[in-house]
Structure formats: C-alpha cells, structure tokens
1. If I filter region 219-229 for residues that are surrounded by fewer than 19 Cβ atoms within 10 Å (Cβ to Cβ), under 25 Å from the mean Cα position of the chain (by Cα) and either farther than 24 Å from residue 90 by Cβ or not small (Gly, Ala, Ser) (or both), do I get at least one hit?
2. When you scan region 206-227, how many residues do you find that are assigned to a loop (DSSP other than H, G, I, E, B) and closer than 30 Å to residue 271 by Cα?
3. Can we say residue 160 is buried (at least 24 other Cβ atoms within 10 Å of the Cβ) and of a type in the set (Ser, Thr, Tyr)?
4. It is to be established whether one or more residues within region 313-325 are of a type in the set (A, V, I, L, M), in a loop (DSSP other than H, G, I, E, B) and surrounded by fewer than 18 Cβ atoms within 10 Å (Cβ to Cβ).
5. Picking from 93, 62, which residue would you name as being within 17 Å of the chain's Cα centre (by Cα), touching a residue at least 24 places away in the same chain (Cβ under 8 Å), buried (at least 24 other Cβ atoms within 10 Å of the Cβ) and farther than 30 Å from residue 256 by Cβ?
6. Being more than 30 Å from residue 314 (Cα to Cα), at pLDDT below 95 and either outside any strand (DSSP E or B) or touching a Lys or Arg at 6+ places or on another chain (Cβ under 7 Å) (or both) narrows it down to one of 401, 363, so name that one.
7. Going by the structure shown, is residue 338 more than 23 Å from residue 220 (Cα to Cα) and not assigned by TED's automatic domain parsing to the domain that holds residue 374?
8. In region 178-205, which residues are touching a residue at least 40 places away in the same chain (Cβ under 8 Å) and loosely packed, with under 14 Cβ neighbours inside 10 Å?
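The values are calculated or read from the model by the stated rules, or taken from the named source; none is laboratory data. What you are looking at is a predicted structure, and each value in this text was computed from that prediction instead of being measured. Note: ideal-geometry Cβ built from the backbone for every residue, glycine included; neighbour counts use all protein chains shown.
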Amino acid sequence: MARTLDRWSTSQATQGAICSSITGAPSTGAEQAAFVNGGLGNLLEMDDLHRASIMHAGDVVVPAALAQAQAVGASGDACLDAVLIGYEAAIRVGMAAATNGYSPWYNSATCGVFGSAMAAAHLLGLNDERCVDALGQAGMQASGVWQCRLEQTDSKQLATAHAARAGITAAALAAAGCAGARQILEGSLGFFKTYYPDADCDVVVHDPTSSWVLHDVSFKPWPACRHTHPLIHLALQLRDNVDVLNVKAIVADTYEAGQVFCNNPEPKTAAEARFSFQHCAAIALLYGPPTLDHFDDRSLVDEAVITLRNRISVQVDAGLTEAFPATMGASIAVTLSDGTVLRDTTRHAPGDPQLLMSGAAIREKFIANANHGGVARGDAERLADAVLHLPGQPDMVSLNRALAAIPPLQNMMGTTHG
C-alpha cells in the first residue's frame, strides 16, 4: 500500500507546491500530502489508540495538521496545538459513537474527519462560526465501514487517507465562506442519528474543563493489533517461568470484541498474524517482545511458533467484555506437562496511560519503524529530533528539511534496512 500511495503521489505532484508526504515523493498540495500520509499510519499496526472511543486518531489528525502547517508556514507550537485540538474533537465524537462498543463504522475514519477538520481550521485561524462550518463540511464527508477488515484489501488505509484529506478540504471550504450544517452531529438526520443511533451525544461536550483527552491515548510498543497487547504483556511476564517444550495448553481470556478480531490460530499473512492472539502469544513466549520481523513469512512457517499456536485457545470473559472499551484486559492460564498451571491477569498493557512508555522508548520505536521502511538510521534520528524540537520553532523549516532528506520510496525499494 505504501508503494501504491507513493506512485500515485508522484504522478499527482504539482509544480511549486509546498507540502511533502513522508514517502519522500515530490512536493504537492496540502490535501494530497494529507491523503498520502493518512494512508500510512496503520500499515504496521503500530498506531496509537484511544480505548473509550476505539479510535486511532493519530492516523488522521497528524497528517492533516502537518500538511496544513506546512502549507501556511505555521510555527512549531501552532502545529502541535492543531494536533491537540484535532485529537480532542475526534476523540470526543468517537467516545459518543462508541457508547456501546463497535459498530459497522470504522471510527478512526468516520469520527476522525472531525478532528482533521478542526486541526486544519485552527491553523487557518478560523473563528468559531467558521469552525462550525468546517465541522459541517467534515460530517458530509465522513465515511468508512468495517467490511475492510473482513477481506484482504487496502481499504482501511484508504479510509484514514480520505479522512485526513477531507478535513483539510472542509476547513478550506469554511474559510472560503461555504456554510456547513449547524447540527451535523446531533440533528435529526445528522451524524449520530444516522451513523450511530445508540450514541450518547452528551459525551461530546461532557465536562469541558477536564484534562485533554490526548492524555488518555495509548501507544503500541509491539507491531500488532492493540487487542493482542494485554495477552502479549502477560506472556512476557510468564516467559521466564515457562519452558515452552513443556507447555501442554494455554487458555487466553479476552473480551468479546477481542475474540472477534483476533482469534486466528492459523494466520496465513503478516496482516493476519498481527491480528492473531495465538501468533502474538507464541512469539512472546518463544522469542520475547515481538518485533516487525516476527510477522514476516519466515515466522509464519516457523515450526516452533506453529506448534505453540496450536496449543492456545481463546475464550470470552464476561467481566472483561463488560469493562470494554474503557479498558482492554486479558487473562492467561498456562498448563505445563506436569499439571502445573501458571496464571496471570491484567486490565492494561504497556503503552496505556496506566503503564506509560518512556519518551526514549517511543523515540526508538519511531526510528525502528522508519528504518524498517528503508530510511537510514541517521536520517530517522534527525527526523525524530526535528519532531521533538517543534516546540518553540518559529516555522516548519527544520522539520521540512528533515523530511526532504528522506529518499523517495521508490529509491528505497529492495534496499536493506540500514
């Protein structure tokens, strides 16, 4: 999918435009840059997650904020403020939408578009009235259904790409005076009544003086679906006390949505392996913390992994289901050949606000991901530092320079990850 987006972006490049996608493709307009970057965020399943809204807001908000900040020459602080405001809008809408858990709609896209619109509107300096117009235009472009997870397609990436781009379009239209529906969220034919009829609309404006919802966002330390992380965490905690050759059976307890998404004992592709409790737990017990290499073709046919996967069963726990999506927990019971049973349980996973990743760990994750994509480590480190030094920067020049140093994706194809 990354290569597809890169080829499309290169073919669409506009002479003299000022925004860049992170694929290293030629400069282009803000909408196109947001579209390309918005399609990349979830490719490795290492995007962030807000549990109560079941949203990966960063996939949509950050690409829009970056592209719009580049387009207007914003300061580093203005760009970061836009990200903060975009997260707030997207997640509050998402929390209302996710009142009863999952629906047929892909929240990251359908709710995320309101966040990308608010991020772009902030950077354009729109007043309250024009921001309402931007939200109205965003709602008219909200889209994305969950059929994309039932088939092997790139449609999930298309949904977040569209939502990032649509937010910029919505804000630009509002800035030009294009009026939007004033009750796009709560109206009788609005977003909630039609997309999410069970939504609790009051959640959007509940406790407006509370802390920013960005503080409630989880990071993924491992390249797999977030539903697998609690089980990976438990497997890693038990690993030193488990001789995998003597494992007779493993029973994993999860919530209902986790079972629906990730109960796959025989994954055939890297994407399926990232959504497999069995694969992720087997990797953790055999080899330690999962890395990107643990989801390649070799791992899929690793006899030790296959043997252990076949001994892992998944069942639904009523208590964990009731607590979802506010918490995403798991329990594990490992039965050894001598009859010994090792148990552990958790309501959280590393990367949750309750088990924070360190700043150094997040930076290293960023560099490792970039390096896996073919970006030289030195270039990845400079890009990470440019992002971390955005506060106080008068413009986007330093970050733009770091982005420009990344070779075009087509030049990295087939290279080693050095």
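1. No, there is no match, as no residue in region 219-229 is surrounded by fewer than 19 Cβ atoms within 10 Å (Cβ to Cβ), under 25 Å from the mean Cα position of the chain (by Cα) and either farther than 24 Å from residue 90 by Cβ or not small (Gly, Ala, Ser) (or both).
2. Within region 206-227, residues that are assigned to a loop (DSSP other than H, G, I, E, B) and closer than 30 Å to residue 271 by Cα number 7.
3. yes
4. Looking for residues that are of a type in the set (A, V, I, L, M), in a loop (DSSP other than H, G, I, E, B) and surrounded by fewer than 18 Cβ atoms within 10 Å (Cβ to Cβ), one finds none in region 313-325, hence no.
5. Result of the check over 93, 62: 62.
6. Checking each option against the conditions leaves just 401.
7. yes
8. Across region 178-205, the qualifying residues are 179, 198, 202, 205.
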